[in-house]
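The values are calculated or read from the model by the stated rules, or taken from the named source; none is laboratory data. All of these numbers come straight from a predicted model, not from anything done at the bench. Positions of Cβ are generated from backbone atoms using ideal geometry, with glycine treated the same way; all protein chains shown enter the neighbour counts.
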Amino acid sequence: MNIAKVTIVAAALVLLGAVSAMADDCLDCHADKTPGIVGYWQESAHASHDVTCTDCHGTDVEKNHSLAARVTADKCGSCHAQALSEHRKSKHSISMKSGGGCTRNMPPSPDLDKTCTLCHKPDTTEPVVNVECAMFLAQSHEMKRVGCSSCHKVEAGCDSCHTKHGTDLGHARRAETCGQCHMGPDHAQLEMWRSSQHGILFAERGEPGAPTCVTCHMVKGSHNVSRGIATGKTGESASTERDFMVGICSRCHTSKFSKRSLSDADDIQKQSLAILKEGQGIVEALYKEDLLEPAPGDRPGHPIFGNTFVIGPHMTYENISRAEAIYFRMMMFNYMSAFKGAFHQSPDYAHWFGNAPLKLGLSELKSEAALLRKTERLRQRLDNLPKGEAESGPAGELKEELRALKDSYLKGEMTQEEYDSKKSALMEKWGL
Amino acid sequence: MSRRIPRNVLPLAFAIMLVCLLLPANAMSAQKPPAKYEPVKIASGVKGTPGTVAWSADGSRIAYIARKAHIYDISGKHRSSLKISDPYFLNWSGENQLLVLHGGGQFAIVNTVTGESRDIEMPEGAVGVYPAWDDNLIVLTEWSKEISIGVDVHHGLYLLDLESGSLKDVYVASRIIPRRYSGSEYLRGWLSEGPAPASGEALLLDFIVPPNAPPYVKAITVDPFTGRTEEILPHYREDRFGAWGGWSVLGRKAAIVDDKGHLRVLSLSGAISKVDDAISGSYPAYDPRGDRIYFGGYLIDEDGINRTAILPEEPESAAFFSPDGNSLAIAAGGKLWLLHGIEPPKHTVQISMDEIREKLILLRDLYSGGFLTADEYHKRLYAIIERQAEGK
């Protein structure tokens, strides 16, 4: 009995020794080759709690050296289970805004419905609109890595905020860390916050005297960054999430002020969306009238849908017509700035980076549409001119009558309804 | 010493004898159509599925595939063979011209008088070639490949310009049939008779198996001239259909078969009607004179009220009406029979296809000249066909 116990303990010690030796093996070389990484790890809570290289990276040296191994959120979650669970419930985990963040790259999650219909329309292999991977798919491999996945890898990894080898929570809590991705023309939350009273107060007083991103979006250190966002794709009902956010605001503001402020932002979002929809309607009409130049059939195919017209979240910003380009800016930059500026208490972003260019975009679209239609009408009049000698026989006679009718319409001598009605009567007269 | 036959065995022995006597007669009737129509066997070893037997436009000859491609001259009662290897589809184009798909997707246009042929390159998976306007042919394609989750099925409609030999894709689409549904019957999609008479539109019966939702049939028509597609059945979940079928006289209805082998009539307005569920079969064909369908060995009125047994023991038989509808070539059990004097259906449709064609040419001319939009073209075309159907 005693011999057996001794044997088990000895075996365990040998095993531990072997694993420890493996970690030492990594350090033997990496202390020289990547001292920054090793130093950063040595300062971390991981090092002081004996979490070594192989605990996270595994023991497959070849896979690690070829960059094929990746420390996913699941690996972190094997110790930080609550953080992972909260992360999985948030938009960070299911944002699916790029191919790099596509769910096919993600491990299964009990919290999310990982069925085919999460990404694909039920009847087809087409992606649903909130899987906005088209822009990603249109990029070079390098741009996918640098410009897309650097942010969207947050869906499957923790290092976007926590760095790869450090455990300094102060780093993860910095607004600049969020601002790696939440900045710029598509959603300038960092700039909005900085230019708001919240950001100015923070510049003066620092934490905890003024709110930063995590104050409102990671309450009590929760990794569910989507709590309190009433218009998001995750979380509870809109009213529950709104009450949650009002509760946060009410720590410093009156509840009435908080509700009105958020309600104003809701209304600004609705108003901005209405402007955007009007713009979308104009572009769709131009497409139906075959007035987009280049036309979808004449340009390099869309990465998902090929040579078809795509508008909305799946549209790309490459090889498109001027009207589509105006709409793209309205959708991706101006609309986002208008309502996110309002939610982040940034008057200038809400108005001058959002509302004003959004309305200017709509004016530009209307003007562009009018110009395109005028040009088209002129082109049709030119096309409608008789070519050479008139055709003889009944077909030629009918064509001449149709030509005269169309020219009269194109000159503006009759309305569309009058033209349609006269054309129909003429066709029927000819038994057609 | 004789052994007595037990009394209770006698009725059994009598029954067996009776069965033995009746069996050959049944077997005969299973292969040979009723004497009423004086059937003539014109070939053996025929495949007999749609696309392998075709009447010439004047009804004087039948082209068929029986290992090789053959032409049977009805008045002279003689046959000639074409030197084309492994044919799998044939169709007439003009008086003395056959369109033949053969081998692994090769295509030949054969002069039936001189025997000369011209080979033209085809897109992948060509299943049918049909004459169109001017110097164009319509090519329908269906091909599939195995992938990890099932079968990736592709359908295409192309226009082949005979003068230049160039191909223009009018419609191409693909769908994935998950592994649990894979079966050849779902891989086909184009109605086997090819483009509709009058309008020239092709009908695609797509079987869609979406993830996490019940499968359904989506039927669309594709116009090779304008390229316009129209959804006939957007989401039909009650049944699924094979693509073997035929067009009604005016091409506004198609006879198709559900997966239980029952005949259905699909109107291009989107309505589906039953005909006679007592009859099962595989290859329906409309009588070119009116609302009657050969199916499962019977001639059945479209309303299901009257039916005439032609070859009831051969539900898998396929019939091919002569252009005037008076004669019928029936492929059954590997044999090809010819029947003359087929009585006209109860409801005949009196039409002038020449008048429709004349107006269709004018409509196409107006559409090409920019005087009509695609929608206007189709609206007017359907109205012309409807007026013909109503005898106006």
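Here B:Leu162 passes the criteria (1) touching a helix residue (DSSP H, G or I) at 6+ places or on another chain (Cβ under 8 Å); (2) at pLDDT 90 or above; (3) within 29 Å of B:Ala108 (Cα to Cα); (4) away from chain A (no Cβ under 14 Å) except the one numbered (1). Here are some residues: A:Glu401, A:Glu413, A:Glu389, A:Glu417. Which one is surrounded by 12 or more Cβ atoms within 10 Å (Cβ to Cβ) and more than 9 Å from chain B (Cβ to nearest Cβ)? Just a single option satisfies the conditions, and that option is A:Glu401.
Within the range B:348-364, if we keep just the residues that are more than 19 Å from B:Ala132 (Cα to Cα) and either crowded, with 19+ Cβ neighbours inside 10 Å or not hydroxyl-bearing (Ser, Thr, Tyr) (or both), the residue that is farthest from the other protein chains (Cβ to nearest Cβ) turns out to be B:Val349.
Each row is one residue, and each column tells you yes or no for (1) within 14 Å of another protein chain (Cβ to nearest Cβ); (2) among the aromatic types (Phe, Trp, Tyr).
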site	(1), (2)
B:Ile220	yes, no
B:Arg228	yes, no
B:Ser248	no, no
B:Arg264	no, no
B:Ser269	no, no
B:Tyr286	no, yes
B:Phe295	no, yes
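Checked against (1) at pLDDT 85 or above; (2) surrounded by 14 or more Cβ atoms within 10 Å (Cβ to Cβ), B:Gly370 meets all criteria but (2).
Matching residues to (1) at pLDDT 95 or above; (2) within 20 Å of the chain's Cα centre (by Cα):
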| position | (1), (2) |
| --- | --- |
| B:Val153 | no, no |
| B:Tyr158 | yes, yes |
| B:Val170 | yes, no |
| B:Ile177 | no, no |
| B:Ser184 | no, yes |
| B:Asp206 | no, yes |
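Of all the numbered requirements in (1) over 19 Å from B:Arg188 (Cα atoms); (2) more than 19 Å from the chain's Cα centre (by Cα), B:Arg237 misses one, and that requirement is (1). Restrict the check to the range B:313-331 and report whether at least one residue is hydrophobic (A, V, I, L, M, F, W, C) and within 14 Å of chain A (Cβ to nearest Cβ). Among the residues of the range B:313-331, not one is hydrophobic (A, V, I, L, M, F, W, C) and within 14 Å of chain A (Cβ to nearest Cβ), which makes the answer no. Only residues in the range A:138-161 that are outside the structural domain of A:Pro300 (by TED's automatic domain parsing) and more than 20 Å from A:Met183 (Cβ to Cβ) count as the first member; pair them with residues that are in a loop (DSSP other than H, G, I, E, B) and of a type in the set (Asp, Glu), Cβ under 8 angstrom, at least 6 apart or cross-chain, and list the lot. Filtered contacts from the range A:138-161: A:Ala138/A:Glu318. With respect to (1) aliphatic (A, V, I, L, M); (2) within 14 Å of chain A (Cβ to nearest Cβ); (3) over 15 Å from B:Arg175 (Cβ atoms), the lone exception for B:Ile208 is condition (3).
Every listed requirement among (1) among the hydrophobic types (A, V, I, L, M, F, W, C); (2) at pLDDT below 95; (3) within 16 Å of B:Trp247 (Cβ to Cβ) is met by B:Ala278 save one, (3). Entry remark, the range B:337-365: residues being more than 27 Å from B:Ile293 (Cα to Cα) and touching a Lys or Arg at 6+ places or on another chain (Cβ under 7 Å) number 1 in total.
Could you list, in sequence order, the residues of the range B:276-303 that are β-branched (Val, Ile, Thr) and either within 15 Å of the chain's Cα centre (by Cα) or on the phi > 0 side of the Ramachandran plot (or both)? Can you show your working first?
Looking only at the range B:276-303, we keep the residues that are β-branched (Val, Ile, Thr), and these are B:279, B:293, B:300.
The answer is B:Ile293, and nothing else.
The residue list A:Glu289, A:Glu278 contains one member that is under 25 Å from B:Tyr171 (Cα atoms), in the same structural domain as A:Asn334 (by TED's automatic domain parsing) and surrounded by fewer than 14 Cβ atoms within 10 Å (Cβ to Cβ), which is A:Glu289. Whether a residue is modelled with pLDDT of 60 or more, touching a strand residue (DSSP E or B) at 6+ places or on another chain (Cβ under 9 Å) and of a type outside the set (D, E, K, R) was assessed, and A:Ala81 does not pass this test.
Checked against (1) under 22 Å from the mean Cα position of the chain (by Cα); (2) more than 26 Å from A:Met330 (Cα to Cα); (3) surrounded by fewer than 18 Cβ atoms within 10 Å (Cβ to Cβ), A:Thr177 passes all but condition (3).
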